[in-house]
Amino acid sequence: MFVAASTRCFFDLPFDQACSQITDLEYDKLEIWLEASGKHLSPEDVGRDPEGFVNRFREMTRITPVAFCCDSEVDENLLEGICKAAKLLRITQVTLRSAPLGTPFNTEIDRLRSCVKLGSGEGVRISLKTESGRLTEDPHTAIELCQAVSGLGLTFDPSYYLGSPLGERSFDMVYPHTFHVHLRDSTENDLQVQVGLGSIDYSKLISQLARHNYNRALSVDLIPERIDIETRPLEMRKMRMLLDSLL
């Protein structure tokens with residue numbers, strides 16, 4: 001396992017400056033966050049011209065990219081382009097959002113099978129982020145999706161299960177299906193708190209992941225609207241040091 005940082009942590013800065021800030025904080029692995037609006041990259045910025053994006057990325061930073069995370073909906077054409085960019089950058093992990101609650105299960109299965117097929121054609125793993133308001137809100141449903149779609153995994157974000165609207169849920173069954181991990185400190189009542197004030201047992205989490213031979217990224221993924229910009233550098237350093245001490 002290794003520690004990475006999501007460019008989402010610097011949502012208020014242009015992408016190149018976000019990469020620079022993350023490097024300055026002594027992270028050497030990067031997760032590229034794609035969202036529909038704002039100063040950051042959109043899925044279109046990558047998917048419509050994957051070769052052009054890769055060239056621009058290599059010119060702006062030397063930090064190693066390890067994953068893409070799509071925070072907005074992407075169609076198959078864009079996903080294909082994102083997966084091509086991933087292959088060129090030697091990235092093997094792309095995170096997508098699951099469908100909103102209320103979406104028919106079979107409809108989502110059909111969509112995900114197409115996504116996984118596109119990813120596998122470029123040597124890329126596709127995973128679904130576990131989050132509230134989506135089909136992955138319930139860990140049992142998240143696992144059912146993985147079981148129904150061969151090759152599909154989960155991007156495990158324990159913060160959402162810790163304070164799940166469904167009440168307390170055990171998420172031990174999620175570990176065998178985990179392809180990627182998003183982390184921040186959280187409590188049952190607050191999705192993001194200062195590092196050290198939360199309830200997530202990182203030692204247990206890493207131990208459980210290791211038990212299932214997880215050897216990929218632990219990505220620090222701060223929630224934009226909950227970031228205190230003044231204390232952000234300190235919080236990111238503390239999170240990196242905490243995770244490094246446990247690996």
Pick from region 17-39 the residues that are more than 25 Å from Ser245 (Cα to Cα) and touching an Asp or Glu at 6+ places or on another chain (Cβ under 9 Å): which of them is least open to solvent (accessible area, probe 1.4 Å)? Leu34
Return the only residue of Leu78, Leu88 being in contact with an Asp or Glu (Cβ under 8 Å, 6 or more places away or on another chain), more than 26 Å from Leu222 (Cβ to Cβ) and in contact (Cβ under 8 Å) with a residue 24 or more places away in the chain. Leu88
In region 1-106, which helices (runs of 4 or more DSSP H) lie fully inside it and hold 2 or more residues that are hydrophobic (A, V, I, L, M, F, W, C) and in contact with a Pro (Cβ under 6 Å, 6 or more places away or on another chain)? 76-88
May I ask you to list the residues in region 189-208 that are without any contact (Cβ under 8 Å) to a residue 40 or more places away in the chain, touching a helix residue (DSSP H, G or I) at 6+ places or on another chain (Cβ under 8 Å) and closer than 22 Å to Ile143 by Cα? Gln208
Residue selected from region 50-64 under the condition open to solvent by less than 70 Å² (accessible area, probe 1.4 Å) and either at pLDDT below 95 or of a type outside the set (Gly, Ala, Ser) (or both), by the criterion farthest from Asp244 (Cα to Cα): Pro50
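To keep it simple, each residue is scored yes or no on (1) open to solvent by 40 Å² or more (accessible area, probe 1.4 Å); (2) under 30 Å from Lys84 (Cα atoms).
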| position | (1), (2) |
| --- | --- |
| Gly123 | yes, yes |
| Asp172 | yes, no |
| Glu188 | yes, no |
| Asp221 | no, yes |
| Ile229 | yes, no |
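The values are calculated or read from the model by the stated rules, or taken from the named source; none is laboratory data. Please read all numbers here as calculations on a predicted model, not as lab measurements. So basically every Cβ, Gly included, is an ideal-geometry build from the backbone, and we count neighbours across all protein chains shown. Each accessible area value is taken on the protein alone, full model and side chains, heavy atoms only, with ligands, DNA and RNA left out. Shrake-Rupley method; radii C 1.70, N 1.55, O 1.52, S 1.80 Å.
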